[in-house]
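The values are calculated or read from the model by the stated rules, or taken from the named source; none is laboratory data. All figures in this text were calculated on a predicted structure; none of them were measured in a lab. Cβ: placed from backbone, ideal geometry, glycine included. Neighbour counts: every protein chain shown.
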């Protein structure tokens, strides 16, 4: 990735936030860029940043630190000018308070910035769950799922969510906290075979979060953009489900983890490896090891123990033409070797253009 200055990285994130319907976070990133150039608190916090600010999502770390303060002190001065629960906001009013708050909590903010963002966008399940069902359509046995780069593993519970595609709906038969997802759906309705059920689920992440820990729940909430309260509502409900299931992704390198899991996979089930907006982050050498491990196991797959690889990633990473900021949902199946693009979709699940079979 080409090196950029910190103000350039902040302004690029502002463009992305505008694209993804967060005018507040866009304005905040632009304001922080101006503060850096003026030698303000943002320059003091990040001026010695050792690596690449875009790749490290430095803008989101800064925005997340401020949102974490709001969430932990809902009656504080910063919370009063932040756009909680759809409240109107003014950056001219919010930034002076934010600047003072960062000065007062500079040591804490530096510590917060050391950890990468953990977003775990729940609405990606609008593509992932139909994708899992497509993988399971031709196999009437149990399904085991393995997620790479899972953060807190919230989407491991996608079979417990409720889905509304406008022209179709699917409601989980499993009782519990309600995660209600909707999207702008284009194309035919997906198919949901009656036999589809997840038997076993496991996941890994280099820095997994545990929804049983208050600190980790705060970090997940903090990275939700504060002018998008419906996203915060979804992640809160998904965390309740993850806690109830005692879901905790394993800490580990994705390449080593998937090799070990595939070597021990069940011989009476469909195994689905999946990930979302993950594959561009590991170095190419690691991606190559992951690909080799899955393809090697795919060559050993049988009709009684098939294997599928579901990928929700930028098209360019998967060898397709890149569709701007949009993602591709691709499914590869073994033993047939069939490879198909199921959908083009938004990274936050706002729209899905479904091709299906």
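Report yes if some residue within segment 101-113 is assigned to a loop (DSSP other than H, G, I, E, B), surrounded by fewer than 18 Cβ atoms within 10 Å (Cβ to Cβ) and not assigned by TED's automatic domain parsing to the domain that holds residue 204; otherwise report no.
Filtering segment 101-113 for residues assigned to a loop (DSSP other than H, G, I, E, B) gives 105.
Within this subset, residues satisfying the condition of being surrounded by fewer than 18 Cβ atoms within 10 Å (Cβ to Cβ) are 105.
This time we only want the ones that are not assigned by TED's automatic domain parsing to the domain that holds residue 204, so: 105.
Yes: segment 101-113 contains one or more residues that are assigned to a loop (DSSP other than H, G, I, E, B), surrounded by fewer than 18 Cβ atoms within 10 Å (Cβ to Cβ) and not assigned by TED's automatic domain parsing to the domain that holds residue 204.
Does any residue of segment 276-298 turn out to be in contact (Cβ under 8 Å) with a residue 12 or more places away in the chain, assigned to a strand (DSSP E or B) and surrounded by 21 or more Cβ atoms within 10 Å (Cβ to Cβ)? Scanning segment 276-298, I find at least one residue that is in contact (Cβ under 8 Å) with a residue 12 or more places away in the chain, assigned to a strand (DSSP E or B) and surrounded by 21 or more Cβ atoms within 10 Å (Cβ to Cβ), so the answer is yes. Exactly one residue out of 44, 35 is more than 19 Å from residue 227 (Cα to Cα), touching a residue at least 40 places away in the same chain (Cβ under 8 Å), touching a helix residue (DSSP H, G or I) at 6+ places or on another chain (Cβ under 9 Å) and surrounded by 18 or more Cβ atoms within 10 Å (Cβ to Cβ), and it is 35.
Taken as a whole, the condition of being in contact with a helix residue (DSSP H, G or I) (Cβ under 9 Å, 6 or more places away or on another chain), surrounded by fewer than 21 Cβ atoms within 10 Å (Cβ to Cβ) and more than 23 Å from residue 227 (Cα to Cα) does not apply to residue 89.
Results for (1) part of a loop (DSSP other than H, G, I, E, B); (2) buried (at least 21 other Cβ atoms within 10 Å of the Cβ), shown as yes or no for each residue.
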residue: 49; (1), (2): yes, no
residue: 54; (1), (2): yes, no
residue: 69; (1), (2): no, yes
residue: 75; (1), (2): yes, no
residue: 80; (1), (2): no, no
residue: 93; (1), (2): no, no
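Tell me, yes or no, whether segment 18-35 has at least one residue that is more than 26 Å from residue 347 (Cα to Cα) and part of a helix (DSSP H, G or I).
Within segment 18-35, the first condition is being more than 26 Å from residue 347 (Cα to Cα), and the residues that meet it are 34-35.
From what's left, part of a helix (DSSP H, G or I): 34-35.
Within segment 18-35 (the criterion being more than 26 Å from residue 347 (Cα to Cα) and part of a helix (DSSP H, G or I)), the answer is yes, since at least one residue qualifies.
Among the candidates 302, 271, which residue alone is in the same structural domain as residue 136 (by TED's automatic domain parsing), in contact (Cβ under 8 Å) with a residue 24 or more places away in the chain and touching a strand residue (DSSP E or B) at 6+ places or on another chain (Cβ under 8 Å)? Let's see the steps before the verdict.
Numbers: 302 fails: touching a strand residue (DSSP E or B) at 6+ places or on another chain (Cβ under 8 Å).
None of the other options fit; the residue is 271.
Among the residues of segment 121-179, those identified as buried (at least 22 other Cβ atoms within 10 Å of the Cβ) and on the phi > 0 side of the Ramachandran plot are 151, 153.
I'd like to know if segment 315-330 contains one or more residues that are surrounded by fewer than 22 Cβ atoms within 10 Å (Cβ to Cβ), modelled with pLDDT of 95 or more, in contact with a helix residue (DSSP H, G or I) (Cβ under 6 Å, 6 or more places away or on another chain) and within 17 Å of residue 147 (Cβ to Cβ). Reasoning before the result, please.
Within segment 315-330, the first condition is being surrounded by fewer than 22 Cβ atoms within 10 Å (Cβ to Cβ), and the residues that meet it are 315-326, 330.
Filter once more, so that each one left must be modelled with pLDDT of 95 or more: 330.
Then drop every residue that is not in contact with a helix residue (DSSP H, G or I) (Cβ under 6 Å, 6 or more places away or on another chain), which leaves 330.
Narrowing the set further to residues that are within 17 Å of residue 147 (Cβ to Cβ) leaves 330.
Yes, the conditions are met somewhere in segment 315-330.
Of all the residues in segment 239-256, those that are in contact with a strand residue (DSSP E or B) (Cβ under 6 Å, 6 or more places away or on another chain) and buried (at least 22 other Cβ atoms within 10 Å of the Cβ) number 2. Residue count for segment 313-357 under the criterion of being free of Cβ contacts under 8 Å to residues at least 40 places away in the same chain and either part of a strand (DSSP E or B) or within 17 Å of residue 137 (Cα to Cα) (or both): the result is 14.
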